[in-house]
Structures are given as C-alpha cells and as structure tokens.
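Asks: If you scroll down you'll find the structure; I have some questions about it.
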Amino acid sequence: QVQFVESGGGLVQPGGSLRLSCTVSGNIFFIDTMGWYRQGPGNQRELVATITRTGRTNYADSVKGRFTISRDKNMVALQMNSLKPEDTAVYLCYLRDTREFWGQGTQVTVSS
C-alpha cells in the first residue's frame, strides 16, 4: 500500500501562485516517476506534470511556462504561477513504480 500526504491547495486570485507538495510512503520498492494530475468539474483526470528519477520533466501544454515540478527522493512539489480560472481542479499526487497510484487530492480554486 502507498500513502500520500498532499498540501498547498487553496483559493487564489487569477495571476496568483501556489505551491503544492506531496510526500509518499509505504511499500514502495522503486519510484520511477512522480507528478501531479488534476480533475476539474465535468472533466477527465489529466496529466499536469511528471518528473522521472533522472530529473526529466513532462508538462501539459496548458501549463508550460507557468508550472514547475521538482522532486527529492519521496517528495514532489509543483510551483504554480500565473494561475488561471481554468486551472481550478482537484490536484492529485501521482506515483509510478510497477503500477500507478494517485493520492486523495488537494483542491485548487482560482477565482476573483
């Protein structure tokens, strides 16, 4: 089993910033990739950003230039700048070893 502790979500005005963090623990033999997905109202869960053990990153086109992902062992963070209303969603921490896991999620709301 895998446990996620996610934090950093909240309410922010358009153009503002938030930093999400996630710490993973449990029966994990090898962490290949960590990252963040999100799911807004009426939308499918979508990839936001991932980072591999070697530091290679991948971002959704909609967040490139605004979000930055980083990691340190079992921790992953997402710096979100220039936030837009369409970024409003539940953000879920993501882990891949031989399988995929998602955390319970933290709410991000971008509104004036």
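Asks: Work out how much length Gln39 to Asp72 would gain on full extension: take 0.36 nm times their residue separation and subtract the Cα-Cα distance, in nm to one decimal. Don't jump to the answer; show the numbers that get you there.
Replies: Details: separation 33, 0.36 × 33 = 11.88 nm, distance 2.48 nm.
Extending this stretch completely gives an extra 9.4 nm.
Asks: Placing unit charges on C-beta atoms (Lys and Arg positive, Asp and Glu negative, everything else neutral), compute the dipole magnitude of the chain about its Cα centre in debye, rounded to 20.
Replies: So the magnitude is around 200 debye.
Asks: Further question on the same structure: Exposed loop sites here are trypsin sites (Lys or Arg not before Pro) in DSSP loop states with at most 12 other C-beta atoms within 10 Å. What is the longest stretch of the chain lacking them? Before the final figure, lay out each step's value.
Replies: Working: sites that count: Arg53, Arg56, Lys64, Lys73, Arg99.
Within the chain, the longest run free of exposed trypsin sites (Lys or Arg not before Pro) spans 1-52.
Asks: Could you go through region 30-45 in sequence order and give the Karplus-derived ³J(HN,Hα) for each residue, using 6.51 cos²θ - 1.76 cosθ + 1.60 with θ = phi - 60°, rounded to whole Hz, and x for Gly and Pro?
Replies: 7, 9, 7, 10, 10, x, 9, 10, 8, 9, x, x, x, 10, 6, 5
Asks: Ignoring ligands, DNA and RNA, what percent of the 1.4 Å accessible area of region 1-100 is carbon and sulfur?
Replies: Working: 2610 of 5620 Å².
The value for region 1-100 is 46 percent carbon and sulfur by accessible area.
Asks: Same structure again: Provide the solvent-accessible area of Ser62, counting protein heavy atoms only and rolling a 1.4 Å probe, rounded to the nearest 10 Å².
Replies: 60 Å²
Asks: Express in nm, to one decimal, how much length is gained between Val5 and Arg53 on full extension, taking 0.36 nm for each residue of separation and deducting their alpha carbon distance. Write out the running numbers ahead of the final one.
Replies: Values: separation 48, 0.36 × 48 = 17.28 nm, distance 1.97 nm.
Full extension of this stretch gives 15.3 nm more.
Asks: From the backbone phi of region 5-16, what are the Karplus-calculated ³J(HN,Hα) couplings (6.51 cos²θ - 1.76 cosθ + 1.60, θ = phi - 60°) in whole Hz, Gly and Pro given as x?
Replies: Once rounded to whole Hz, the list reads 10, 10, 8, x, x, x, 9, 9, 6, x, x, x.
Asks: For Ser112 and Asp32, FRET efficiency with R0 = 41 Å and r from the beta-carbon atoms, rounded to 0.05? Walk me through the numbers before you get to the answer.
Replies: Details: r = 39 Å, r/R0 = 0.96.
Here the calculated transfer efficiency is 0.55.
Asks: Sticking to Cα atoms, compute the Rg of region 19-59 to one decimal and its Dmax as the biggest Cα-Cα distance, whole number, in Å.
Replies: Both quantities, over Cα of region 19-59: 12.2, 35 Å.
Asks: A further question on this structure: Averaged per residue, what accessible area in Å² does the chain show with a 1.4 Å probe, protein chains only? Spell out each step's value before the answer.
Replies: Numbers: 6270 Å² over 112 residues.
Spelled out: the 1.4 Å probe surface of the chain, per residue, equals 56 Å².
Asks: Short version: ³J(HN,Hα) in whole Hz for each residue of region 46-55, in order, from phi by Karplus 6.51 cos²θ - 1.76 cosθ + 1.60 (θ = phi - 60°), x for Gly and Pro, what are they?
Replies: So the J values, rounded to whole Hz, are 10, 5, 9, 7, 9, 9, 8, 4, 8, x.
Asks: What is the spread of the Cα atoms of the chain along each of their three principal axes, largest first, in whole Å?
Replies: Ordered largest first, the chain gives principal extents of 43, 24, 22 Å.
The values are calculated or read from the model by the stated rules, or taken from the named source; none is laboratory data. Please read all numbers here as calculations on a predicted model, not as lab measurements. All Cβ positions, even for glycine, are placed from backbone atoms using ideal geometry, and neighbour counts span all protein chains on display. Accessible surface areas use protein heavy atoms only, side chains included; no ligands, DNA or RNA. Shrake-Rupley method; radii C 1.70, N 1.55, O 1.52, S 1.80 Å.
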